[in-house]
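To start, the structure under review is shown below, and the notes come after it.
Read the figures in this text as sums done on the coordinates, not as results from a lab. This structure is a prediction, so every number in the text was calculated from the model and none was measured. Virtual Cβ from ideal backbone geometry, glycine too; neighbours counted across all protein chains shown.
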Amino acid sequence: MSQPATHNLPNAAPAPLGWDVRRIRGDFPILRETVQGKPLVYLDNAASSQKPRSVIDRVQRYYERENANIHRGVHLLSEKATEEYEHARSKLQHFINAKEAREIVFVRGATEAINLVAMTYGLKNFKAGDEILITNLEHHSNIVPWQMLCERTGAILKVVPINDAGELLLDEFEKLLTEKTKIVAVNHVSNGLGTINPIKWIIDKAHAKGVLVLIDGAQSVPHLKVDVQALDCDFFVFSGHKLFGPTGIGVLYAKAALLEAMPPYQGGGDMISAVTFEKTTYNVIPYKFEAGTPNIAGTIGLGAAVDYLNSICFGGAAAYEHELLEYGTGLLSEIPGLRIVGTAKEKASVLSFVMGEIHPHDIGTVLDLEGVAIRTGHHCNMPLMKRLGLPATARASMAFYNTKEELDVLARALRKVIEVFG
Amino acid sequence: MSELSELYQEVILDHNKQPRNYRKLEGANHHAEGYNPLCGDQITVYLKMDGDKIEDVSFVGSGCAISKASSSMMTGAVKGKTKAEAEAVFEKFHQMVTGKPGTPAPENIGKLAVFSGVCEFPSRVKCASLAWHTLRSAMEGRDETISTEAEEAGDDAHPRR
Ligand SMILES: Cc1ncc(COP(=O)(O)O)c(C=O)c1O
């Protein structure tokens, strides 16, 4: 920890040693905003998280002083931009402990990363009758690309079921994992319910049968320290905008040997080493997968987000967030008629809930007028909602800059919901 | 609380709690389903048409307070009207809920004026207009389920992730 906590917020239980949430909040300009005349209480972090000043400044500095295309110019600015872009790659490499920088492919986000894997690795290697194993907890972005692949190849989508708490049924997983299975694609943390899945166990089981594993880490990297070498996953994907970085940038991690063997995703500049009308030689990895001018500012901004996380000793966030989760779970459980949806034993700081007959959309609007931003709806989890028998839930998702006081505001606003609709 | 009570007017809360014409219509000769995938609102509108005239109308479904109240009040507003008259009411209603905040409610919109607060809440426009889109689909005798997500961008579209 860079600094032990010296001041706690009034009426708050002491934060875990060293998690100085007030100082951290000071790093996020937007947290000083008011909404509807009330202080913003931002509890929609699973949809997108806020950006620290250092990220915003870094993107601005790039445009003000460094803007140029990369990998192309001989001029100083282009060299500088290229250097910063590649520097960001090595920051991301270390952030998830990839073995090599060339295993980090920059993409638009988790969605594009999964599409890339499906349409390159999948299209090349899968055939009719092969099976793709996903789970009932997946975000649409870890469902639809596989369905599209199935349409093209005749492969079959299999789904690991869950229990009512929102936990994967692991014995069912083992049954569904067969010699037909070609890939397991599963999220690390569920966006709808917050369930933390036992991915190490899943990866080991799959590997024991020679099956590759893609981990959708969109919701895990903002909360948990990830080590892709320790996990030994084959693919790991996430989005920068949920990781306190800019929108439009994300990461596909894949083991180098896999990337080497995969055909390119899109064709264009940068992904080639030589082009003639007769034949094109593709560039080496990761450039083979980075056709066209990339999101340079976003990449550099994401690098700055990683720097920021390192500077606040991000490893301590999980304990603090767990405390928030327990506090919030307690508060919400006291609200008459409210039911928390997703009660897995291992959970990230996500509170999905329903309130009897009161529709989540109405909850969201009443909360909005109290300055409280949550997400309502199906959370890009329609098959999950169907499994739970719910059209929608309301979801409060916390980040390490949220406070217990904010959860108190949430609880008060929820009581107002009951006043209006109860 | 003022904006809150402007959106959720007493009348709306009342129709939400006790929706009118909430049943499957015996002898209906038209029906259509409407779906708002963003919030999971789902309704079916039933019509008994006599030529061009809406002799009776009802709905069933589930949804938020705005969509339920809007469905309920839609049934009241169009019963006994001709297709063209119902279309004209929808036109005005749509104008009102998608209009600039602060513009007075259109004339002759009657009780439906309670939805004028919706225009302050762009994310709720679809909730308010779902019943009307579904009615239109039922009147036109289309069999497909209409979805608010299939609308033209820029119309009621405020897609949210
Ligand atoms: C678990 C999970 N996977 C994938 C995604 C898709 O991320 P993006 O829309 O940034 O590509 C999300 C975002 O909502 C998510 O929560």
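Can you give me the Kirkwood hydrodynamic radius for region A:55-310, using every pair of distinct Cα atoms, in Å to one decimal?
On the way: mean 1/r = 0.0532 Å⁻¹.
Over region A:55-310, the inverse of the mean reciprocal pair distance is 18.8 Å.
Could you give me D for region A:259-299, from Stokes-Einstein at 4 °C and 1.567 mPa s, where the hydrodynamic radius is the Kirkwood radius over C-alpha pairs? Units µm² s⁻¹, please.
122
Only counting other Cβ atoms within 10 Å, I'd like A:Asp216, A:Asp307 sorted with the fewest neighbours first.
The order, fewest Cβ neighbours first, is A:Asp307, A:Asp216.
Using alpha carbons only, how many degrees (0 to 90, rounded to 10) separate the axis of helix A:317-333 from the longest principal axis of chain A?
On a 0 to 90 degree scale, this one is about 40.
List residues of region A:327-353, by number, whose backbone nitrogen lies under 15 Å from a label position 7 Å along Cα→C-beta of B:Ser62.
Flagged as within label range: A:339, A:341, A:353.
Quick check: pseudo-label points 7 Å beyond the Cα along Cα→Cβ at A:Asn163 and A:Glu357, how many nm apart are they?
It is 3.3 nm.
Suppose the Debye formula is applied to equal point scatterers at every Cα of region A:319-391; what is log10 I(q)/I(0) at q = 0.12, 0.15, 0.19 Å⁻¹?
Ignoring solvent entirely, the Cα scatterers give -0.35, -0.56, -0.91.
What is the Cα coordinate range of region B:87-130 on the first, second and third principal axes, sorted by size from largest, in whole angstrom?
Cα spread of region B:87-130 along its principal axes, largest to smallest: 25, 22, 15 Å.
Among the listed pairs A:Lys38/B:Lys79; B:Lys24/B:Lys83; A:Lys182/A:Lys225; A:Lys386/B:Lys111; A:Lys404/B:Lys17; A:Lys345/B:Lys17, give every one whose C-alpha distance is greater than 32 Å.
On the way: A:Lys38/B:Lys79 43 Å; B:Lys24/B:Lys83 20 Å; A:Lys182/A:Lys225 28 Å; A:Lys386/B:Lys111 36 Å; A:Lys404/B:Lys17 34 Å; A:Lys345/B:Lys17 36 Å.
A:Lys38/B:Lys79; A:Lys386/B:Lys111; A:Lys404/B:Lys17; A:Lys345/B:Lys17, as the Cα separations exceed 32 Å there.
Just the Cα atoms of the protein assembly as shown: what Rg and Dmax do they give in Å?
Cα-based Rg and Dmax for the protein assembly as shown come out at 26.0, 78 Å.
What FRET efficiency do you get for A:Leu76 and A:Lys99 if R0 is 30 Å and r is their Cβ-Cβ distance, rounded to the nearest 0.05?
Efficiency, rounded to the nearest 0.05: 0.40.
How would you rank A:240-252, A:317-329, highest first, on the average number of other Cβ atoms within 10 Å across their residues?
Going by the mean number of other Cβ atoms within 10 Å, highest first, we get A:240-252, A:317-329.
Along the Cα→Cβ direction, 7 angstrom out, place labels at B:Lys81 and A:Leu123. What is the inter-label distance in nm?
Label at B:Lys81, label at A:Leu123, 5.0 nm between them.
Let me check I have the definition right: for region A:371-422, take the eigenvalues of the Cα gyration tensor, multiply each by 5, take square roots. What are those semi-axes in whole Å, largest first?
Here the semi-axes work out to 23, 17, 7 Å.
Go ahead and set up a Gaussian network model of chain A, Cα springs under 10 Å, then flag whichever of A:Gln50, A:Gln93, A:Gln147 fluctuates most.
A:Gln147
So, R0 is 56 Å and r is the distance between the beta-carbons of A:Arg415 and A:His207; what FRET efficiency does that work out to, to 0.05?
About 0.70, to the nearest 0.05.
Relative to the present Cα-Cα distance, how much length would full extension add between A:Glu33 and A:Glu172 at 0.36 nm per residue of separation?
45.3 nm
Limiting things to C-alpha atoms, what are the Rg and the maximum Cα-Cα separation (Dmax) for region A:41-176, in angstroms?
Rg and Dmax of region A:41-176, Cα atoms, are 20.3, 60 Å.
So how compact is region B:1-142: Cα radius of gyration and Dmax in angstrom?
14.1, 46
Using a/c under 1.5 as the rounded threshold, could you call region A:26-69 rounded, prolate or oblate? The axes a ≥ b ≥ c are square roots of the C-alpha gyration tensor eigenvalues, and prolate needs a/b larger than b/c, oblate otherwise.
prolate
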